[in-house]
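Report on the following structure.
The values are calculated or read from the model by the stated rules, or taken from the named source; none is laboratory data. Here the structure is a predicted model, which is why all the values come from computation and not from measurement. Cβ: placed from backbone, ideal geometry, glycine included. Neighbour counts: every protein chain shown.
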Amino acid sequence: METPPPVAPIRATSAPEGPILPEPLPPAPVPRGVRLAIYIASTALFITLIGAMPTELNGAFESPSPFPWLLFLEEALLFGAAFLPAWLLARLERRPAGDYGLPPGDLLGARFWQGCMFGLAEVSLLVGSIALFAGYRFGTLALRGSAIFEWLLFWFAFFIVVGLYEEFLFRGYVQFTLARAIRFWPAAWILSLSFGALHLMNRGENWVGVAGVAMAGLVFALLLERTGNLWCAVGWHAAFDFGETFLYSVPNSGALLRGHLSNATLEGPAWLTGGSVGPEGSVFSFLIMGLSALVIHLIFPERKYLAGLPAAPVQRTSSETSTS
């Protein structure tokens, strides 16, 4: 009869020394208010430094270059001043910078060109309404030959950069961060009113024009909420400014720039033509923006802003830690 194999003795294990500690928590996130203050302060500093450069409108237009390239450079730097701090904060928040409204995969994509069509339709309807009441005349051509095509390309490229800068500054990182703190529309109202107030710095601007710009900001905020990013708003913004400055050759937020297509004239009461502000100050501008908001609501019924993005991390308190 075979004997069973010997059983290995059971070794006693010693209890771990000291108390069992909970797993360490990840580093607490930088508070939202601190991140927002960092962004605003750094962007304001960069914009102030850029504003000190000799690239004012008069200096840009008096340069020997046929096109105001210094003005183009200034706008490009301003966009960089608005985007660079957000890109750095994206590293801190461990999220792609495209979450703030400009996903690179949609760069100049279908949404952008859709916005361009909306912008051209809006400015054409606005100027056409003024012309219907004899307040606008196209006049004679101010450009000839290849200069028409060259200025067309210049102003379109220029206003794309303007659209990128202004849309991201007022509806990019700050809108994203504020919307998570006080909800989307309170943030949009604050930033749209700020967007309008900033235009008081433009020569020829007035309070009526500022109200129109603030209302345009709300329309673009609605477009952001419904499309989910800023590309449609950038295209709309760029095409509207292009239509005013080049195509219809009227003042844009109080500034009549050179290189416009025709010697157009605005004649009539300020409520019709917008006065020194240009068509943005016309009563028709407010009516058409209201119509634009309705069109956006009908074409884009779904709210897509912040959809699918992870929630902001929440800092845990010591009491929560002890009970976990």
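If you check Gly217 against the conditions, is it in contact (Cβ under 8 Å) with a residue 12 or more places away in the chain, in contact with a Lys or Arg (Cβ under 6 Å, 6 or more places away or on another chain) and farther than 20 Å from Trp155 by Cβ? The answer is no for Gly217. Does Glu302 satisfy the criteria of being modelled with pLDDT under 95, acidic (Asp, Glu), assigned to a loop (DSSP other than H, G, I, E, B) and over 19 Å from Met117 (Cβ atoms)? Against the criterion (modelled with pLDDT under 95, acidic (Asp, Glu), assigned to a loop (DSSP other than H, G, I, E, B) and over 19 Å from Met117 (Cβ atoms)), Glu302 qualifies. Counting the residues of the stretch 251-266 that are part of a loop (DSSP other than H, G, I, E, B) and in contact with a helix residue (DSSP H, G or I) (Cβ under 7 Å, 6 or more places away or on another chain) gives 8. Kindly indicate whether Ala270 is aliphatic (A, V, I, L, M) and either within 23 Å of Phe168 (Cβ to Cβ) or modelled with pLDDT of 95 or more (or both). Against the criterion (aliphatic (A, V, I, L, M) and either within 23 Å of Phe168 (Cβ to Cβ) or modelled with pLDDT of 95 or more (or both)), Ala270 does not qualify.
Checked against the criterion of being at pLDDT below 90, part of a helix (DSSP H, G or I), under 18 Å from Phe170 (Cβ atoms) and of a type in the set (A, V, I, L, M, F, W, C), the candidates Ile38, Ile50 yield just one match: Ile50.
Checked against (1) under 20 Å from Ala41 (Cβ atoms); (2) touching a helix residue (DSSP H, G or I) at 6+ places or on another chain (Cβ under 7 Å), Leu198 meets all criteria but (2). Inclusion of Gly254 among residues that are small (Gly, Ala, Ser), within 19 Å of the chain's Cα centre (by Cα) and crowded, with 21+ Cβ neighbours inside 10 Å is not warranted.
Rundown of residues vs (1) in a helix (DSSP H, G or I); (2) over 29 Å from Gly98 (Cα atoms); (3) of a type in the set (A, V, I, L, M); (4) at pLDDT 90 or above, yes/no style:
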{"site": "Trp185", "(1), (2), (3), (4)": "yes, no, no, yes"}
{"site": "Leu193", "(1), (2), (3), (4)": "yes, no, yes, yes"}
{"site": "Val210", "(1), (2), (3), (4)": "yes, yes, yes, no"}
{"site": "Leu218", "(1), (2), (3), (4)": "yes, no, yes, yes"}
{"site": "Leu222", "(1), (2), (3), (4)": "yes, no, yes, yes"}
{"site": "Phe242", "(1), (2), (3), (4)": "yes, no, no, yes"}
{"site": "Thr245", "(1), (2), (3), (4)": "yes, yes, no, yes"}
{"site": "Ser249", "(1), (2), (3), (4)": "no, yes, no, yes"}
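Only residues that are of a type in the set (A, V, I, L, M, F, W, C) and not in a helix (DSSP H, G or I) were counted in the stretch 108-130, giving 1. Checking each residue in the stretch 137-183 for being among the β-branched types (Val, Ile, Thr) and either within 21 Å of the chain's Cα centre (by Cα) or in a helix (DSSP H, G or I) (or both) picks out Ile148, Ile160, Val161, Val162, Val174, Thr177, Ile182.
From the list Phe184, Phe138, the one residue that fits, being among the aromatic types (Phe, Trp, Tyr), under 16 Å from Thr227 (Cα atoms) and surrounded by fewer than 20 Cβ atoms within 10 Å (Cβ to Cβ), is Phe184.
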